[in-house]
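First the structure, in the form of structure tokens, and then the observations on it.
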Amino acid sequence: MNKIVAPSVLAMDFSDMKTQLKRIAVGGAKWIHYDVMDGVFVPNISFGPDLMAQIKKHSEGFMDVHLMISDPVKYFDVFIEKGAQAITFHIESMDSVEDTLAAIKYLKSKDIMVGITLKPGTELSTIVPYLKQVDLVLVMSVEPGFGGQSYIPEMADRIKQLAEMRNLNNYSYLISVDGGINRETGK
Ligand code: ZN
């Protein structure tokens with residue numbers, strides 16, 4: 001399967017956004033990873049939908065939104081409105097299986113690529129009921145909350161398990177890996 005590189009907006013120098021976006025495009029990255037933090041679900045606050053709309057003005061990149069917020073469903077519409085093309089939310093921020101399935105169904109009805117994710121310490125089994133429905137499974141390879149952390153090598157097992165489950169069941173989700181990815185860990 002082809003590899004997609006999705007540079008994170010968290011690592012961007014905002015004083016020179018246009019140049020940075022150009023560099024991403026010239027470098028060949030087709031996706032832009034947009035990490036939203038609310039200071040409640042994670043201890044840090046990043047940015048909301050309005051900055052994304054600004055980025056969309058200067059970039060053709062596929063907007064891959066990762067919601068690290070406590071009530072993601074409440075914000076689906078505004079992110080879709082501002083140009084999100086994929087939305088990934090955390091299993092830890094959902095109350096029940098029914099709510100989670102409804103959230104997935106809603107995003108699909110809006111033609112949005114749907115991703116589910118979990119923190120490094122959350123059991124992989126918590127997301128198994130949704131693997132058939134989702135388009136993307138995001139493996140957090142750092143504790144969510146801050147950019148610039150080191151990749152947790154144990155997450156390689158999780159990536160492998162997800163790939164095995166996909167093959168075994170003929171599922172179609174992409175496996176996304178988020179945090180501490182560089183030339184070395186990316187391999
Ligand atoms: Zn992310």
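So how much accessible area does E92 have, in Å² to the nearest 10, using a 1.4 Å probe?
60
Accessible area per residue of the range 68-187 at 1.4 Å probe, in Å²?
For the range 68-187, the per-residue accessible area is 53 Å².
Taking the alpha-carbon distance from K56 and a cut-off under 21 Å, which lysines remain once sequence neighbours fewer than 8 residues away in the same chain are dropped?
Within the straight-line cut-off, K56 pairs with K18, K22, K30, K82, K110.
Rounded to the nearest 10 Å², what accessible area does D13 have for a 1.4 Å probe in the complete protein model?
Here the accessible area works out near 70 Å².
If you take the Cα atoms of the chain, find Rg, then find the Kirkwood Rh from the mean of 1/r over all pairs, what is Rg/Rh?
0.93
Could you tell me whether the range 66-150 comes out rounded, prolate or oblate from its Cα gyration tensor? Rule is a ≥ b ≥ c as square roots of the eigenvalues, rounded for a/c under 1.5, then prolate if a/b exceeds b/c, otherwise oblate.
The shape class here is oblate.
In square angstrom, what is the accessible area per residue of the range 16-62 with a 1.4 angstrom probe?
Counting only protein heavy atoms, the per-residue value for the range 16-62 is 56 Å².
Please state the relative contact order of the chain as a whole percent: Cα pairs under 8 Å, 6+ residues apart?
Numbers: 298 pairs, mean separation 28.7, N = 187.
Relative contact order, the chain: 15 percent.
For the chain, which whole percent of the accessible surface, found with a 1.4 angstrom probe, sits on carbon and sulfur atoms?
It is 51 percent, rounded to a whole number.
Full extension from D99 to T19: what is 0.36 nm times the residue separation minus their Cα-Cα distance, to one decimal in nm?
Working: separation 80, 0.36 × 80 = 28.80 nm, distance 4.06 nm.
Value of the extension gain: 24.7 nm.
How many angstrom separate the Cα center of the range 1-21 from the Cα center of the range 78-137?
Centre-to-centre distance over Cα atoms comes out at 23 Å.
The values are calculated or read from the model by the stated rules, or taken from the named source; none is laboratory data. Computed from a predicted structure; not experimentally measured. The protein model used for the area step is the full one, side chains on, heavy atoms only, and it has no ligands, DNA or RNA in it. Shrake-Rupley method; radii C 1.70, N 1.55, O 1.52, S 1.80 Å.
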